[in-house]
Amino acid sequence: MFQEFWVLYKRELKKTFRSIGVIIIMVIQPVMWIAFFGSSLTNVPSQFLTTFFHTNNYIAFLLPGELSVSMLFIGLFSSMSMIQDKRFGYLKKVLITRAPKWSIFLAKVGGATTRGLIQVPVMLLAGLAFGVSLPLSPLGWVEWIVGLILLGVGFSSLYLIVTMRSADWQLPNVTANLINLPLMFSSTALFPLSFYPTWMRYLSDVNPITYSAELGRGVILSGDPTIYYLGYLFIFAALMLGLGFVVARKYLTAE
Amino acid sequence: MYSIEVEGLLKKYGDFVALNSISFKVGEGEIFGMLGPNGAGKTTTIKVLTGLIPPTAGKASVAGFDVVKQTQEVKARIGWISSDVILDDDLNAWENLEIQGKLQGIKDWRERSEGVLKYFDLLQFAKRPVGKYSTGMRKKLEIASALIHSPSVIFVDEPTIGLDVNTRSMLWDLIKSIRKEMGVTVFLTTHYMEEADSLCDRIAVITQGKIAAIGSPAELKSKVGGDVIEMETVDGFTPEQLKGVKGVLDVKVTDGKVRVKVESADKTVVELMRVLNFSSIKSLKIEKPTLDTVFMELTGKKLDDSEVDYRKFYMTIRRARSG
């Protein structure tokens, strides 16, 4: 059973990593976020920054938020690659083998999440280049990376659930347009909670991106991440994954 | 024991009846063809038999297992070859076969891959990305990947659609030798008469979701009722004169041409010569029935223009637009 998942997951990776152009663009894109969006608060008085952002470098605040947002956007890849497989008949070919439907679903989740993780080292290096100091706390880093993986698993599952029955190229994109921006802006990925009106704080408190961003900030800014954030992300990922298994079993179609 | 048994298979899409209670049996090691125009129900039959979609009603078993209740057992014993080649172009032959082998749950995929690659003369190209293969090579690899787990039945969907003559005859030979050497049962769909004629042991003619006739190519041809001798003559004679000749079934005169339907042209043509004045015959042509004539006889339509598959048509348009 595991063999089927593993070979499909390997296929996802091979297809991603053999396209050098895609990798370059994937690597440049988040760096641009840091460079342009991160620099937009450069001339803000540093007292303002330390009061609201708990750092005098906005990029240090943004970095964990932006990495979390990246894990949201990779959900788009998982469902686009599923639809591509449907379009080219590949899924039909897989469904006529003994491979269980959950292994097909899980391979897409794994592929997209791995794809998202490539951005982590690049972003950290970019952060260093923009003067962010990265503290040495191995356990904290492990927790944060695991948090990002869980976030990626959760969102790529969510995307696949939405597009499971479809073979329409447009669906992943309109879904992305619908959910990505609200999810990003209603989290603390870009700005601190203290900026927000009460109703948005409620949204932010249930938004998994907030938990991943804060987990990262715990590592970078205070060196002391809150472990229960990881628990929240785990529940989010487990729920989405479980739901995805059920939906894949019932609704994954070849075309 | 039969490789495929289908009884009263019904498949509806909403109100549209794709398969109208069809029944047939395919013996072990047989090459069985389903012949019909686009939209007749050929692909739907394959989808049901490979466990991709459940039938609305009826029973079907493949390799001795029920396609609805024992889908996994069926899938372990079948291979599927699509009409368009479905391979990962940026991966090489090994990698493509590894995926297919592991998806079929086999452990010795490496040895088996080497075996099929050798058989299909692809071993020396095995490390080249499949995207750089010729159409014939891609087709071969597609077949190889369907055989890697030694299935007992393979489903071949429109094997030679859009291929040139050489590749087509290469594939026909290949399918025949696979059956002979590996003993697999082949279920293929086609809308080419000559393909069904030269490849299949038995053929089911399907149109609008119904099977119009089943039999060997020769049997189906004999259903049409013999050969036709067509003559241009100068002298007058009465059709009754010819009807009296032994072996003649029917005589028609149109546009100065006499069409004589006979049981066997080879025997009767000599008799006809005797009855008619030899010098009065300007030209003579013998027509043997083809599956084309069979199809026309059975369905009252020519295969080419008998049906338009609107669902497929709109799907193509949609793909073209969004692609």
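Residues in region B:1-49 that are in contact with a helix residue (DSSP H, G or I) (Cβ under 7 Å, 6 or more places away or on another chain) and not in a strand (DSSP E or B): B:Gly29, B:Gly36, B:Asn38, B:Gly39.
Candidates A:Phe48, A:Phe53, A:Phe61: the one that is more than 14 Å from every other protein chain (Cβ to nearest Cβ), without any contact (Cβ under 8 Å) to a residue 40 or more places away in the chain and not aliphatic (A, V, I, L, M) is A:Phe48.
Evaluated against (1) under 16 Å from the mean Cα position of the chain (by Cα); (2) of a type in the set (Ser, Thr, Tyr); (3) within 14 Å of chain B (Cβ to nearest Cβ), A:Ser78 falls short on exactly one condition, (3). Answer with yes or no whether B:Glu287 is at pLDDT 80 or above and either more than 14 Å from chain A (Cβ to nearest Cβ) or surrounded by 11 or more Cβ atoms within 10 Å (Cβ to Cβ) (or both). Yes: the conditions hold for B:Glu287. Kindly indicate the residue of region A:7-45 that is exposed (fewer than 13 other Cβ atoms within 10 Å of the Cβ) and more than 30 Å from A:Phe105 (Cα to Cα) and also nearest to the other protein chains (Cβ to nearest Cβ) among those meeting that condition. Taking the candidates together, the pick is A:Met32.
The residues on offer are B:Lys140, B:Lys107, B:Lys127, and the sole one that is over 30 Å from B:Phe16 (Cα atoms), more than 9 Å from chain A (Cβ to nearest Cβ), surrounded by fewer than 21 Cβ atoms within 10 Å (Cβ to Cβ) and among the basic types (Lys, Arg) is B:Lys127. Among the residues of region B:218-225, is there at least one that is within 16 Å of B:Gly27 (Cβ to Cβ), modelled with pLDDT under 90 and touching a strand residue (DSSP E or B) at 6+ places or on another chain (Cβ under 9 Å)? Checking region B:218-225: at least one residue is within 16 Å of B:Gly27 (Cβ to Cβ), modelled with pLDDT under 90 and touching a strand residue (DSSP E or B) at 6+ places or on another chain (Cβ under 9 Å). So is A:Glu4 under 30 Å from B:Ile106 (Cβ atoms), more than 10 Å from every other protein chain (Cβ to nearest Cβ) and surrounded by 18 or more Cβ atoms within 10 Å (Cβ to Cβ) or not? Answer is no for this residue.
Do we have B:Lys118 as over 28 Å from the mean Cα position of the chain (by Cα) and surrounded by fewer than 18 Cβ atoms within 10 Å (Cβ to Cβ) here? No; evaluated as a whole, the condition is false for this residue. For region B:88-99, residues that are more than 8 Å from every other protein chain (Cβ to nearest Cβ), under 29 Å from the mean Cα position of the chain (by Cα) and under 16 Å from A:Thr16 (Cα atoms) total 2.
When region B:55-104 is examined, which residues are found to be of a type in the set (Val, Ile, Thr), outside any helix (DSSP H, G or I) and either surrounded by 19 or more Cβ atoms within 10 Å (Cβ to Cβ) or touching an Asp or Glu at 6+ places or on another chain (Cβ under 9 Å) (or both)? Please lay out each step first, then the result.
So in region B:55-104, the residues of a type in the set (Val, Ile, Thr) come out as B:56, B:62, B:67-68, B:71, B:74, B:78, B:81, B:85-86, B:99.
In the following step, the residues that additionally are outside any helix (DSSP H, G or I) were identified as B:56, B:62, B:67-68, B:78, B:81, B:85-86.
Matches in region B:55-104: B:Val62, B:Val67, B:Ile78, B:Ile81, B:Val85, B:Ile86.
Looking only at residues in region B:105-132 that are outside any helix (DSSP H, G or I) and without any contact (Cβ under 8 Å) to a residue 12 or more places away in the chain, the one that is nearest to A:Val94 (Cα to Cα) is B:Lys107. When B:Gly105, B:Gly58 are checked against the criterion of being of a type outside the set (A, V, I, L, M) and under 19 Å from B:Pro151 (Cβ atoms), a single residue qualifies: B:Gly105.
The residue that is nearest to the other protein chains (Cβ to nearest Cβ), among those in region A:83-118 that are among the hydroxyl-bearing types (Ser, Thr, Tyr) and over 14 Å from the mean Cα position of the chain (by Cα), is A:Thr97. Among the residues of region A:144-163, are any without any contact (Cβ under 8 Å) to a residue 60 or more places away in the chain and over 21 Å from the mean Cα position of the chain (by Cα)? No, region A:144-163 contains no residue that is without any contact (Cβ under 8 Å) to a residue 60 or more places away in the chain and over 21 Å from the mean Cα position of the chain (by Cα). Scanning region B:209-250 for residues that are among the aliphatic types (A, V, I, L, M), surrounded by fewer than 20 Cβ atoms within 10 Å (Cβ to Cβ) and over 37 Å from the mean Cα position of the chain (by Cα) returns B:Val234, B:Val245. Considering only residues in region A:215-254 that are within 14 Å of another protein chain (Cβ to nearest Cβ) and surrounded by 14 or more Cβ atoms within 10 Å (Cβ to Cβ), the one that is modelled with the highest pLDDT turns out to be A:Leu252. If you filter region A:51-67 down to residues that are surrounded by fewer than 18 Cβ atoms within 10 Å (Cβ to Cβ) and modelled with pLDDT of 85 or more, you find that the one that is farthest from A:Leu181 (Cα to Cα) is A:Thr51. Selection over region B:133-158 of residues that are hydrophobic (A, V, I, L, M, F, W, C) and assigned to a loop (DSSP other than H, G, I, E, B) gives a count of 1. Would you check if there is a residue in region B:66-75 being more than 25 Å from the chain's Cα centre (by Cα), among the charged types (D, E, K, R), facing chain A (nearest Cβ under 10 Å) and within 28 Å of B:Val6 (Cα to Cα)? Checked against the condition, which is being more than 25 Å from the chain's Cα centre (by Cα), among the charged types (D, E, K, R), facing chain A (nearest Cβ under 10 Å) and within 28 Å of B:Val6 (Cα to Cα), region B:66-75 yields at least one hit. Checking the stated criteria, B:Lys102 turns out not to satisfy the condition of being over 26 Å from A:Ser19 (Cβ atoms) and within 9 Å of another protein chain (Cβ to nearest Cβ). Taken over region B:73-97, residues that are among the β-branched types (Val, Ile, Thr) and free of Cβ contacts under 8 Å to residues at least 40 places away in the same chain amount to 1.
The values are calculated or read from the model by the stated rules, or taken from the named source; none is laboratory data. Everything numeric here is computed off the predicted structure, so don't read it as measured data. Cβ sites come from the backbone with ideal geometry, for glycine too, and all protein chains shown count toward neighbours.
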